[in-house]
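These notes are about the structure you will find just below.
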Amino acid sequence: MRGSPQCQDVAEAIEREGLSPLPETVREHLPSCVACQGFVADLDSIVTAARQFPTEVEPPARVWISLRAQLAAEGLLREEGLATEATRGGRWWQKGWGHGFSGLLQGRALATAAVGLLIFAAGVAQLRHNSSITPPQPIVKEQPQELDPLADSGAALRTQEHELRSAQPAGTLSSSPVDDSLQKDLQTLDAFIAECEYHLKANPHDQLAREYLAGAYQQKAELLAEMMDRGRSVN
Amino acid sequence: MPARQAPKPLTEADAIRLAQAGDATAFEFLYSLHGRRVYALCLRMVREPSDAEDLMQEAFLQLFRKIGTFRGESAFSTWLHRMTVNVVLMRLRKKTLPATSLDEVTDPDDETGGPRKDVGAPDLRLSGAVDRVNLERSIEKLPPGYRTVFTLHDVQGYEHNEIAEIMGCSVGNSKSQLHKARTRLRELLQEDIRQHARDERAAAKSQTTEGD
């Protein structure tokens, strides 16, 4: 049983000097005390087990997305990057609102922005819900995955957009409020698409993000088709 | 003609300087550099992933809000961990602690942090290998201060002088807290062994009763 003055010295020496290497007083005492041998062996086992715990765990991507949004909202981010696209959209929304668009166009722009925000908010909420059910996984190096068939949709849309721009040289572009509104809707959608693509690059297996991206591509295709139709009717 | 030099990779010091000017890429770089470690610490402290995410976000938010005041007197990671620990401890203080009574299973000698001296009872050995699941469960039962020091030292590998800086305490205090945390963990694990033995005896007894 531990309790002799020497055993007290062992505890104090370990507290002061640690377990590795064992203090000299402890080494001298151990051969004659089975209880202290057990005490030291147990502490050693605990430390050994603790050192096997991971020191790094990959946080879910939504933490950074949410943090970045918060930083942008607080105006802490200066750079004009992907991170601030959403903020820029917001600023455009605030500035452009009073510039004489018709109620219908304001509604369209607002609806597009609102759908994007709702999708994003629902996604964050669902991802949070899922994570509270499943325990965090250890870091797994994932191979980059092709975004097919999304990658094809993205490429097709870029071609369609390029054709639209080629068909309407800069000088001939209509500058009506309707076209302005469509252009701004397109910018908002592009910002959302960029956000999804950025997220998917980091998390290729995020099914929810893939669904959002597919939905955004669909919206963009419809928007481009409308813009082409308007181009044809104007010209 | 001078050879074109490849762009210099971003260092932590560069990123801190850029982040102080509000550069978004620098923020992301610092997050990617330290995020996994901070998340592991939060997760070890609160266990619940959604809580750990909130705490991590709060810690980084504070960091980025105050990064303009960072003068490099301490290592950046120490500064970040200090904020993280403060955020975590603040949250734990607000929450009610688990109802597990440590007094039931431990009665450490406050003078030495040594184990309880059960007169006549042999020391229970932890059989050389500590079950990780049991250890995690026992860590959860530690008071927040002990849990923090144990996690920082024995899991994350910080030295006592760094822990003292992170926790705002003396090196001696850090050593003392660590020793007490370890001895409490030992007793919690021993209690697990005792409980397991009691359960087995109860199961055997009920089987015997059914047999009669």
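The values are calculated or read from the model by the stated rules, or taken from the named source; none is laboratory data. Everything numeric here is computed off the predicted structure, so don't read it as measured data. A quick note on method: Cβ atoms are made from the backbone with ideal geometry, for glycine too, and the neighbour counts reach across all protein chains shown.
Return yes when B:GLU191 is surrounded by 14 or more Cβ atoms within 10 Å (Cβ to Cβ), charged (D, E, K, R) and over 18 Å from the mean Cα position of the chain (by Cα) and no when it is not.
So B:GLU191 passes the test.
Does region B:159-172 hold any residues that are part of a loop (DSSP other than H, G, I, E, B) and free of Cβ contacts under 8 Å to residues at least 24 places away in the same chain, and which are they?
B:GLU159, B:CYS169, B:SER170
Look through B:ALA181, B:ALA203 and report the one residue that is more than 24 Å from the chain's Cα centre (by Cα) and either more than 24 Å from B:LEU135 (Cα to Cα) or in a helix (DSSP H, G or I) (or both).
B:ALA203
Given the structure, is B:LEU43 at pLDDT 95 or above and aliphatic (A, V, I, L, M)?
no
Among the numbered criteria (1) outside any helix (DSSP H, G or I); (2) at pLDDT 75 or above; (3) surrounded by fewer than 20 Cβ atoms within 10 Å (Cβ to Cβ); (4) touching a helix residue (DSSP H, G or I) at 6+ places or on another chain (Cβ under 7 Å), which single criterion is violated by A:PHE101?
The failed condition is (2).
Which condition breaks for B:VAL85 when tested against (1) part of a helix (DSSP H, G or I); (2) modelled with pLDDT under 95; (3) more than 7 Å from chain A (Cβ to nearest Cβ)?
If we test B:VAL85 against (1) part of a helix (DSSP H, G or I); (2) modelled with pLDDT under 95; (3) more than 7 Å from chain A (Cβ to nearest Cβ), just (2) comes out false.
Quickly run through region A:39-64 and pick out the residues that are β-branched (Val, Ile, Thr) and under 24 Å from B:LEU55 (Cβ atoms).
Residues satisfying the conditions are A:THR55, A:VAL57, A:VAL63.
Please find, within region A:12-32, the residue that is nearest to the chain's Cα centre (by Cα) out of those that are more than 7 Å from chain B (Cβ to nearest Cβ) and of a type in the set (Asp, Glu).
Selected residue: A:GLU17.
Taking A:ALA83 and the conditions (1) facing chain B (nearest Cβ under 7 Å); (2) modelled with pLDDT of 85 or more; (3) assigned to a helix (DSSP H, G or I), which numbered condition does it fall short on, given that it satisfies the others?
Of the numbered conditions (1) facing chain B (nearest Cβ under 7 Å); (2) modelled with pLDDT of 85 or more; (3) assigned to a helix (DSSP H, G or I), the odd one out for A:ALA83 is (2).
Please count how many residues of region A:56-74 are within 25 Å of A:LYS201 (Cα to Cα) and outside any helix (DSSP H, G or I).
Residues flagged as within 25 Å of A:LYS201 (Cα to Cα) and outside any helix (DSSP H, G or I) within region A:56-74 amount to 5.
Among the candidates B:SER127, B:SER101, B:SER138, which residue alone is within 12 Å of another protein chain (Cβ to nearest Cβ) and either surrounded by fewer than 20 Cβ atoms within 10 Å (Cβ to Cβ) or modelled with pLDDT of 95 or more (or both)?
None of the others qualify; the one that does is B:SER127.
Could you check region A:33-52 and list, in sequence order, the residues that are in a loop (DSSP other than H, G, I, E, B) and more than 7 Å from chain B (Cβ to nearest Cβ)?
A:CYS33, the sole residue that qualifies.
Within region B:16-46, track down each residue that is assigned to a helix (DSSP H, G or I), among the aliphatic types (A, V, I, L, M) and either within 7 Å of chain A (Cβ to nearest Cβ) or within 27 Å of the chain's Cα centre (by Cα) (or both).
Selection gives B:ILE16, B:ALA24, B:LEU30, B:LEU33, B:VAL38, B:ALA40, B:LEU41, B:LEU43, B:MET45, B:VAL46.
I want to confirm something. Restricting to region B:55-66 and keeping residues that are within 9 Å of chain A (Cβ to nearest Cβ) and in contact with a helix residue (DSSP H, G or I) (Cβ under 8 Å, 6 or more places away or on another chain), which single residue is surrounded by the fewest Cβ atoms within 10 Å (Cβ to Cβ)?
My answer is B:LEU61.
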